[in-house]
Amino acid sequence: MAFPHLSEVLKILDGALKSNATMSTNYAGLLADKLEQAGEREEAARIRERLARAPTAIAHAQDAARGTFGLPVDSDSRLETIDESRPAKDSIRLHLSGGTAARIGDFLESVRHYDQLRAAKAASPLRLLIFGQPGTGKTQTARWVASELQLPLLTVRCDTLISSLLGQTSKNLRRVFDHAEQRPCVLFLDEFDALGSARGNERDVGELQRVVIALLQNIDALPENVIVIAASNHEKLLDPAIWRRFPFQISMPLPDPALRDDMWTTLLGQYAPADLDWNTLIDKSAGASGALIEQIVLDTKRKAILNAKPQIDKSELFRRLALALALAQGRSIASIGDEVRWLRDWDAKAFSIRELARLYNISTRQINHLIRGDHGDEGKYTRAR
Ligand SMILES: Nc1ncnc2c1ncn2[C@@H]1O[C@H](COP(=O)(O)OP(=O)(O)OP(=O)(O)O)[C@@H](O)[C@H]1O
Ligand SMILES: [Mg+2]
């Protein structure tokens, strides 16, 4: 393409025309970075030298006059509605199945080659919607994308936005989108359903409808090359009008066997029990989310370290897994008797009477009592966790 950095130059021009020095300097900085990456060191240095001379006091005064100084704040609670982070490249560990990784790769390619695609009239707005059950890595994926693109991640707390006075929400939204437009960044609308599901909510329908409309207008008003990622647990609650605004859509499923294998292996590392049957672990953890697997590893690893053990106890690992899955399925496990009976149900072979007695540090006779649910035994046994 004739001029590879046209989009940055146009942004710098936009900033100048709107008397928005922050926007101009931000994009000039990005242009310098891109030139440097392309080997144009001298040009990059000249831009940076110019930036160093920029009258920052004037830029800040302009920003303050427009009320966009610093991060946008919810005028009701005074809480910052945006959280800014800069995840360093290669600092985020993300486990993805092949299909999901390929789709995220497509999105990254579209971002990186936006100008070229746009010139050929083949660009889609850079909008990615990630949906899936809790703990499947949606937030982690947004952080990873920002780290790969080496851009700051501006996370919008949709709950703060919505919990502010409803009448103010539209104004807050405007501020957030204004802020994102002024600088190279990834705008991340986390827990997006808090805004998007507004129509089905029990609150004042008319007021909430306005929020949805304001959201759609804000998305539409944003230049197509501003990167927006939204994450939602409840894709069914999202308005179809919102879906249409996101040409890139990725579902984050619960991890499949290959992904579980990958997660257990990396997370357990040298703490993996020596006698572990990996296939059983992979089979038995069907239905567990990435977050659940991570939590089980952390809990069991901590226990091993505090007990000065070089490895995690195998039965302890399976016990935690079984209990976490029971909780995720909504089973109530209140007493130690419930625990023992559930473990027997879950895998009678792994949790033999003898093994349970060792694990709970009580006699096999007492375990038998618990399994039978003998009255009065429930409260007798306590166990350090
Ligand atoms: N696919 C994954 N790759 C890497 N880490 C993961 C993955 N899935 C879950 N995790 C880990 O689990 C934890 C929760 O993940 P994350 O916050 O991304 O989930 P989420 O899908 O955003 O959940 P929620 O819907 O509850 O917000 C993180 O600490 C993350 O490290
Ligand atoms: Mg999340």
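The values are calculated or read from the model by the stated rules, or taken from the named source; none is laboratory data. If you're wondering where the values come from, they're calculated on a predicted model, not measured in any experiment. Counting neighbours? That spans all protein chains shown, and the Cβs are built from the backbone with ideal geometry, glycine included. Ligands, DNA and RNA are excluded from the accessible area calculation, which covers all protein heavy atoms including side chains. Shrake-Rupley method; radii C 1.70, N 1.55, O 1.52, S 1.80 Å.
Condition test on P240, is it of a type outside the set (S, T, N, Q), open to solvent by less than 80 Å² (accessible area, probe 1.4 Å) and farther than 17 Å from T141 by Cβ?
So P240 does not fit the description; no.
Taking only region 326-358 into account, find how many residues are free of Cβ contacts under 8 Å to residues at least 40 places away in the same chain, part of a helix (DSSP H, G or I) and under 29 Å from the mean Cα position of the chain (by Cα).
2
With out of contact with any helix residue (DSSP H, G or I) (no Cβ under 9 Å at 6 or more places or on another chain) and on the phi > 0 side of the Ramachandran plot as the only criterion, which of G287, G330 stands out?
Answer to the check: G330.
Take region 169-205 and flag every residue that is modelled with pLDDT of 70 or more and within 16 Å of ligand 1 (Cβ to nearest atom).
V186, F188, L189, D190, E191, F192, D193, A194
For (1) closer than 25 Å to A326 by Cα; (2) aromatic (F, W, Y); (3) within 16 Å of ligand 2 (Cβ to nearest atom), each residue gets a yes or a no:
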| position | (1), (2), (3) |
| --- | --- |
| W243 | no, yes, no |
| Q249 | no, no, no |
| L254 | yes, no, yes |
| L259 | yes, no, no |
| K284 | yes, no, no |
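Kindly check whether there is at least one residue in region 287-300 that is closer than 17 Å to Q140 by Cβ, surrounded by fewer than 20 Cβ atoms within 10 Å (Cβ to Cβ) and β-branched (V, I, T).
no
Would you check if there is a residue in region 329-336 being open to solvent by less than 10 Å² (accessible area, probe 1.4 Å) and either at pLDDT 95 or above or closer than 30 Å to Q140 by Cβ (or both)?
Within region 329-336 (the criterion being open to solvent by less than 10 Å² (accessible area, probe 1.4 Å) and either at pLDDT 95 or above or closer than 30 Å to Q140 by Cβ (or both)), the answer is no, since none of the residues qualifies.
Would you mind finding the one in A272, A231, A241 that is touching a helix residue (DSSP H, G or I) at 6+ places or on another chain (Cβ under 8 Å) and without any contact (Cβ under 8 Å) to a residue 40 or more places away in the chain? It would help to see each step written out before you state the result.
Working: A272 fails: without any contact (Cβ under 8 Å) to a residue 40 or more places away in the chain; A231 fails: without any contact (Cβ under 8 Å) to a residue 40 or more places away in the chain.
Selected residue: A241, the only one of A272, A231, A241 that is touching a helix residue (DSSP H, G or I) at 6+ places or on another chain (Cβ under 8 Å) and without any contact (Cβ under 8 Å) to a residue 40 or more places away in the chain.
Could we say that L149 is at pLDDT below 95 and surrounded by fewer than 19 Cβ atoms within 10 Å (Cβ to Cβ) here?
Yes; evaluated as a whole, the condition is true for this residue.
Can you work out which of the residues in region 119-129 that are out of contact with any Leu (no Cβ under 6 Å at 6 or more places or on another chain) and crowded, with 17+ Cβ neighbours inside 10 Å is nearest to L254 (Cα to Cα)?
Ranking the qualifying residues of region 119-129, first place goes to L129.
Look at T280 and say whether it is within 27 Å of the chain's Cα centre (by Cα), farther than 21 Å from T136 by Cβ and β-branched (V, I, T).
The answer is no for T280.
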